[in-house]
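Asker: Can you keep this structure in mind? I'll have questions shortly.
The values are calculated or read from the model by the stated rules, or taken from the named source; none is laboratory data. Small disclaimer: the values here were computed from a predicted structure and weren't measured. Cβ atoms come from the backbone with ideal geometry, glycine included; neighbour counts cover every protein chain shown.
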Amino acid sequence: MLTPLMGGLQQTTNYRVVLPFYVFASVSFVVATVLLLLHTDIAGIHYFNPYTLAITHVMALGWGTMIIFGASHQLLPVLVEGKLDSTPLAYLTFFSAGAGIPIL
């Protein structure tokens with residue numbers, strides 16, 4: 001992400017930090033779409049059905065949460081006009097969320 005500076009632009013966040021979050025979110029969205037296409041009969045049944053809960057969790061946790069994490073890592077340094085304090089901590093956030101979301 002680039003922010004305007006007095007003499008030019010300053011890079012605040014490396015794209016390698018936020019790209020895994022967006023890729024994981026995209027894959028989760030595709031998985032949820034495929035699950036919806038495979039189980040079209042779940043629209044008329046109760047919402048506590050395991051298929052419905054699985055699709056809801058893939059969309060809410062896999063897609064929504066990872067988009068929020070990626071956007072936060074990208075936009076927060078712009079808002080505070082600085083850099084991320086710890087790039088390894090951002091990677092740790094991704095790997096722990098990426099490992100924990102499929103378990104849920």
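Asker: Here are the criteria: (1) at pLDDT below 90; (2) in contact with a helix residue (DSSP H, G or I) (Cβ under 7 Å, 6 or more places away or on another chain). Tell me which single one Ala97 does not satisfy.
Answerer: Only one criterion in (1) at pLDDT below 90; (2) in contact with a helix residue (DSSP H, G or I) (Cβ under 7 Å, 6 or more places away or on another chain) is unmet by Ala97, namely (1).
Asker: Quick check: anything in the stretch 68-78 farther than 16 Å from Leu104 by Cα, surrounded by 12 or more Cβ atoms within 10 Å (Cβ to Cβ), hydrophobic (A, V, I, L, M, F, W, C) and touching a residue at least 60 places away in the same chain (Cβ under 8 Å)? Quick ask: steps written out before the conclusion?
Answerer: Within the stretch 68-78, the first condition is being farther than 16 Å from Leu104 by Cα, and the residues that meet it are 68-78.
Among the residues that remain, those that are also surrounded by 12 or more Cβ atoms within 10 Å (Cβ to Cβ) are: 68-78.
After this cut, where a residue has to be hydrophobic (A, V, I, L, M, F, W, C) as well, the list is 68-69, 71, 75-76, 78.
Pick out the ones that are also touching a residue at least 60 places away in the same chain (Cβ under 8 Å) and you get 75, 78.
Looking for residues that are farther than 16 Å from Leu104 by Cα, surrounded by 12 or more Cβ atoms within 10 Å (Cβ to Cβ), hydrophobic (A, V, I, L, M, F, W, C) and touching a residue at least 60 places away in the same chain (Cβ under 8 Å), one finds at least one in the stretch 68-78, hence yes.
Asker: Among the listed residues Phe21, Phe95, identify the single one that is in contact (Cβ under 8 Å) with a residue 60 or more places away in the chain and out of contact with any strand residue (DSSP E or B) (no Cβ under 9 Å at 6 or more places or on another chain).
Answerer: Phe21
Asker: Of all residues being of a type in the set (S, T, N, Q) and under 15 Å from Val23 (Cα atoms) in the stretch 73-94, which is modelled with the highest pLDDT? Just the residue, please. Explain how you work it out, then say what you get.
Answerer: Initially, the stretch 73-94 is screened for residues of a type in the set (S, T, N, Q), giving 74, 86-87, 93.
If we keep only those that are under 15 Å from Val23 (Cα atoms) too, we end up with 74, 93.
On the way: Gln74: 90, Thr93: 93.
For the stretch 73-94, the residue satisfying everything is Thr93.
Asker: What do you reckon, is Leu92 surrounded by fewer than 17 Cβ atoms within 10 Å (Cβ to Cβ) and over 26 Å from Thr12 (Cα atoms)?
Answerer: Considered against the rule, which asks whether it is surrounded by fewer than 17 Cβ atoms within 10 Å (Cβ to Cβ) and over 26 Å from Thr12 (Cα atoms), Leu92 comes out as no.
Asker: Here's a follow-up. May I ask you to list the residues in the stretch 9-59 that are closer than 20 Å to His73 by Cα and polar (S, T, N, Q)?
Answerer: Gln10, Gln11, Thr12, Thr13, Asn14, Ser26, Ser28
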